Amino acid sequence: MGSDLTAWIGALASAATAWAAATWSSAQPWLASVPVGAVFGLTVTDQVALLLPNLM
C-alpha cells in the first residue's frame with residue numbers, strides 16, 4: 001500500500017510542477033516544487049531502504 005501512495009504522490013507532484021512552470025514566472029515553481037521533490041525523494045529512499053534487507 002505504501003508504494004501505491006508513493007506513486008500517486010509522485011504523479012501529483014509532477015503534474016503540479018508542470019502546471020506551476022506553465023503558469024507562474026521562472027523562480028516561483030522552483031520555490032514551490034523543490035521542497036515537495038525533496039520530501040518525495042526521501043519517501044522513495046525510505047521505501048527502498050525497507051526493501052534492501054530482502055534483496056540480499
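The values are calculated or read from the model by the stated rules, or taken from the named source; none is laboratory data. This is a predicted model, so every value here is computed, not measured. Cβ coordinates were reconstructed from backbone atoms using ideal geometry, including for glycine residues, and neighbour counts include every protein chain displayed.
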Counted residues in the range 33-56 being touching a Ser or Thr at 6+ places or on another chain (Cβ under 8 Å) and more than 15 Å from Ala7 (Cα to Cα) come to 1
A careful count of residues in the range 37-53 that are more than 12 Å from the chain's Cα centre (by Cα) and under 11 Å from Ala13 (Cβ atoms) gives 0
Selection from the range 1-18 of residues at pLDDT 75 or above, among the polar types (S, T, N, Q) and over 9 Å from the mean Cα position of the chain (by Cα) yields Thr17
